[in-house]
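Peer 1: Starting off with a structure, shown below.
Rule-based calculations on the coordinates, nothing more; no lab input. Quantities reported herein were computed from a predicted structural model and do not represent experimental measurements. With ideal geometry, Cβ positions are generated from the backbone for all residues, glycine too; neighbour counts draw on all protein chains shown.
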């Protein structure tokens, strides 16, 4: 797969932040560019995962409001307590 085209951009940062990034880049023996790109990529991955979690939670809430189907925290805890044992149980079924 060919590499995606890159687009230069400008980010205004304080001298303090730039000095901190430079210090870390030197310690890691990486370029300033590499370190900033890595930080942006990690930030995006983390935020996208959090957004996906929020969306899944909202979808679950909507489904509960529409159907009333659910499992209780105790049912889940009891099920999880059997993990890693010889008496592992099936996951609890949704109910009203």
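Peer 1: Could you tell me whether residue 64 is touching a strand residue (DSSP E or B) at 6+ places or on another chain (Cβ under 6 Å), surrounded by 10 or more Cβ atoms within 10 Å (Cβ to Cβ) and assigned to a helix (DSSP H, G or I)?
Peer 2: Details: touching a strand residue (DSSP E or B) at 6+ places or on another chain (Cβ under 6 Å): yes; surrounded by 10 or more Cβ atoms within 10 Å (Cβ to Cβ): yes; assigned to a helix (DSSP H, G or I): yes.
So residue 64 fits the description; yes.
Peer 1: Would you confirm whether any residue within region 78-85 is over 25 Å from the mean Cα position of the chain (by Cα) and farther than 30 Å from residue 96 by Cβ?
Peer 2: yes
Peer 1: Further question on the same structure: When region 71-87 is examined, which residues are found to be surrounded by 10 or more Cβ atoms within 10 Å (Cβ to Cβ) and in a loop (DSSP other than H, G, I, E, B)?
Peer 2: Answer for region 71-87, where residues must be surrounded by 10 or more Cβ atoms within 10 Å (Cβ to Cβ) and in a loop (DSSP other than H, G, I, E, B): 71, 72, 82.
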